[in-house]
Amino acid sequence: MRRIALSAVALAALTLPVAAPANALPGRHGHYATKTPYEPLQDARTYQRPPRGFVPVFTETVSRHGTRASSDSDDGDLILALWDKAASDGRLTPLGKDFGPDVRSLEAAMAKVGYGQLTARGKQDMRNMAARLERRLPELFRRIARNGEKIDVVSSGKDRAVDSGTIFATALGDDDPAVRPFIGTARTDPDLLYFHKSAGGAAYRDYIAHDQRLATTLAAINDQPATHRAARRILLRLFTPDFVAALDTADQVAAAEAVYNLYAAAPALSEEGTWHMDRYIAPRDAKWFSYLSDAEDFYEKGPGFQDSDITYAMARVLLDDFFAKLEAARSGTGDLGAELRFTHAEEIIPLAVLLGLPGSTQPVTEARPYTYADNAWRGASVAPMAANIQWDLFRKGDRYLVRMLYNEKETAFRAGCRPVTKGSSFYDVDELERCYGRTVTTTP
């Protein structure tokens, strides 16, 4: 959701008589949208074997950075200002009395990690992913070491992406010391991996800032009666009814959104502490605010409106790079054994649309907006923390096949791309170039 500031006037006006209902404690639940911590989606032991005689000769990936702390303290600052006022006036519920100390402890942990920086879990995400990559393709890494092929590491240049690449590459070298000498010095390429803020994203940024249809649609989604009901339910777990009633509806939503954002941020810091923020928000309300978060990402980064590609056309630079590296490996003009890229949700989400990945194929019309009921797009599956896309190139003689993994699950290329056999995860390179509208080149 677009952040709404809680007004100082609203805080100043909250001097009310006492009442304090008790609240039941819910069980643990999910609904973290794109803040969902990463888990691989398939055991590599269940992957299809490549067709007989094919061996891996190249791999390339793009990964979202690992699990991180919140970008800033705004949510904590907003809700703690409200909590402090309620505490001073005796307007906290029994559950609400625990909330302020929990938020202060969570914010202290995030400040210690560094706002926007990788948490211990996020760093381990990268180490684990590197280890699994090496275990998936041992023959490829033996080839890299034997032939002296390079492993290129490139990031957006933002701290959490740079750190993710560094940790990943270091872990890869630690797991397989034979390849360590061939891991290149990490480099940055914001035009490739931060394109939404680079020159290629100018039209996109204008859309975000000025498109009236986008603004109207998101405002209508956010300002539904269900949003106001969910906001009141969240706040009533923490504050007395008269305290909540004294807030105007916009401030109620802003405060509830802050509670949701802190709830969604807490799992990232599972190694730094335990806060049980799920006590403060019921599953149905967490799901609703997850939907509002997903709606914003859907319209601003994902499939969006049916008649426009403004949210994802700029990702073409990254898709082109995937094909260029594939073509260089096939033609023998490149010297890479692996290309490892580290980026952000703003790049993963539109790339998923271009690739036609599961959940990213259904745009909407103005008349029928995005809802959970009739659209499969979910931030938690499209771009959780450390989301990744991997293409593996296999060779037999002069024939080359590609397999794609999406969050480490074998995944078909978009509709219309024909695998080598029905149900196979492997595709001829020329078929992929045809399917994605590239110029087909003849294999030397």
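The values are calculated or read from the model by the stated rules, or taken from the named source; none is laboratory data. Model, not experiment: these values are computed from the prediction. Using ideal geometry, Cβ is built from the backbone for each residue, glycine included, and neighbour counts are taken over all protein chains shown. Side chains included, ligands, DNA and RNA excluded: accessible areas come from the protein's heavy atoms. Shrake-Rupley method; radii C 1.70, N 1.55, O 1.52, S 1.80 Å.
Can you tell me the 0 to 90 degree angle between the C-alpha axis of helix 96-113 and the longest principal axis of the chain, rounded to 10?
40 degrees
Around GLN212, with a cut-off of 14 angstrom between Cβ atoms, what is the net charge of the other residues, counting Lys and Arg +1 and Asp and Glu -1?
That works out to -2.
Write down the radius of gyration of segment 259-393 and its Dmax, each obtained from C-alpha positions, in Å.
18.0, 57
If you roll a 1.4 Å probe over the heavy atoms of the protein chains, what accessible area per residue do you get for segment 36-142, in Å²?
42 Å²
Can you tell me what share of the DSSP beta bridges in the chain is antiparallel? A percent to the nearest 5 is fine.
60 percent
FRET efficiency for ALA111 and ALA199, Cβ-Cβ distance as r, R0 = 41 Å, nearest 0.05?
0.75
Of the listed peptides 373-381, 210-218, what is their order by residue-averaged count of other C-beta atoms within 10 Å, with the highest listed first?
373-381, 210-218
With angles folded into 0 to 90 degrees, how steeply does helix 159-175 sit against the dominant principal axis of the chain? Use alpha carbons for both and round to 10.
50 degrees
Compute the whole-percent fraction of alpha carbon pairs in segment 162-301 spaced more than 22 Å apart.
Result for the distance tail: 61 percent.
Counting only heavy atoms of protein chains, what accessible area per residue, in Å², does segment 160-265 have with a probe of 1.4 Å?
40 Å²
Compute a Gaussian network model of the chain, connecting alpha carbons closer than 10 Å, and tell me which residue from ALA367, ALA81, ALA131 fluctuates the most.
Taking springs between Cα atoms under 10 Å, the residue moving most is ALA367.
Calculated from DSSP H runs of 4 or more alone, at -39500 (n - 2.57) each and per residue, what is the 222 nm mean residue ellipticity of the chain, nearest 500?
One gets -13500 deg cm²/dmol as the mean residue ellipticity at 222 nm.
Once the other residues with Cβ under 9 Å from the Cβ of PRO267 are scored (Lys, Arg +1; Asp, Glu -1), what is the net sum?
Result for the neighbourhood of PRO267: +2.
Contour minus end-to-end for LYS287 and ALA81, with contour as 0.36 nm per residue of separation and end-to-end as the Cα-Cα distance?
Using 0.36 nm per residue and subtracting the Cα-Cα distance, I get 71.6 nm.
Per the 1.4 Å probe, what fraction of the accessible area of the chain, in percent, lies on carbon and sulfur atoms?
51 percent
Can you give the accessible area per residue of segment 346-444, in Å², using a 1.4 Å probe?
Heavy-atom SASA per residue in segment 346-444 reads 40 Å².
Taking amide H atoms as placed 1.01 Å from N in the peptide plane, list the residues 5 or more away in sequence, or in a different chain, whose amide H sits under 5 Å from that of PHE342.
Counting only residues 5 or more places away or on other chains, the set is SER63, VAL154, SER155, SER156.
Sorted by packing (mean other beta-carbon atoms within 10 Å per residue), highest first, where do 245-256, 292-303 land?
Top to bottom by mean Cβ count within 10 Å: 292-303, 245-256.
Between 0 and 90 degrees, rounded to the nearest ten: what's the tilt of helix 316-331 against the longest Cα principal axis of the chain?
20 degrees
Want the number for THR216 to ARG399: 0.36 nm per residue separation, take away the alpha-carbon distance, what's left?
Net length gain for the segment: 60.8 nm.
Taking each pair of distinct Cα atoms in segment 92-232 once, what is the resulting Kirkwood hydrodynamic radius in Å?
19.5 Å
Just checking my list (1) 67, 50, 42; (2) 82, 49, 38; (3) 65, 43, 43 against Cα extents along the principal axes in Å computed from this structure; which label fits?
(2)
Give the separation of the Cα centroids, segment 192-233 to segment 281-332, in Å.
14 Å
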